Amino acid sequence: MDEVIIYHNPRCSNSRGALALLEEHSCTPRIIEYLNTPLSTDEIMGLLQRYDGEARDFVRFKEPQAATLGLSSESSADVIVAAIVAAPILLQRPVVVIQGRVIIARPPDVLVPLLATDDAR
């Protein structure tokens, strides 16, 4: 059984919902409050390598820092990673590592199929 990790922002309702869902399914994740403990370039790149999607999915484009840093949906992965390192608030939330996969749990219910198996705990 792999460790479950949630990159969490307690002020975000989706992040709180994902954490509650994990706990309701007897899953005790390692909680990383990424605004207090920002991720390094290597950590973000590692998440992206295991994510089944695009680097742009990791960005909260609605945050003012995205425009300030010149981010767009066309930005390269390297530019996106550098922006998230510079402004951690840009990281989409919550990011959950479960069963070796990286999931952006928006909405939190996307975790349910993974939690239905014993491997999740």
Cβ contacts < 8 Å: first residue on the phi > 0 side of the Ramachandran plot, restricted to region 93-105; second residue surrounded by fewer than 24 Cβ atoms within 10 Å (Cβ to Cβ) and outside any strand (DSSP E or B), any location; separation 6+ or different chain. Result? Gln99/Asp2; Gln99/Leu114; Gln99/Thr117; Gln99/Asp119; Gln99/Ala120; Gly100/Asp2; Gly100/Arg50
Would you tally the residues in region 7-30 being of a type in the set (A, V, I, L, M) and either closer than 11 Å to Arg93 by Cβ or not assigned by TED's automatic domain parsing to the domain that holds Gln99 (or both)? 2
Boolean, Glu43 is at pLDDT 95 or above, among the acidic types (Asp, Glu) and part of a loop (DSSP other than H, G, I, E, B): no
Just checking, does region 54-73 include any residue being assigned to a loop (DSSP other than H, G, I, E, B) and within 17 Å of Leu111 (Cα to Cα)? no
If a residue has to be closer than 12 Å to Ile80 by Cα and basic (Lys, Arg) to count, how many in region 36-68 make the cut? 2
The conditions are (1) closer than 22 Å to Asn36 by Cα; (2) crowded, with 16+ Cβ neighbours inside 10 Å, and Ala86 fails exactly one of them. Which is it? (2)
Provide a single number: the residues in region 32-56 that are of a type outside the set (S, T, N, Q) and more than 15 Å from Leu91 (Cα to Cα). 2
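The values are calculated or read from the model by the stated rules, or taken from the named source; none is laboratory data. Bear in mind that the values here come from a model prediction, so they are computed numbers and not experimental data. Note: ideal-geometry Cβ built from the backbone for every residue, glycine included; neighbour counts use all protein chains shown.
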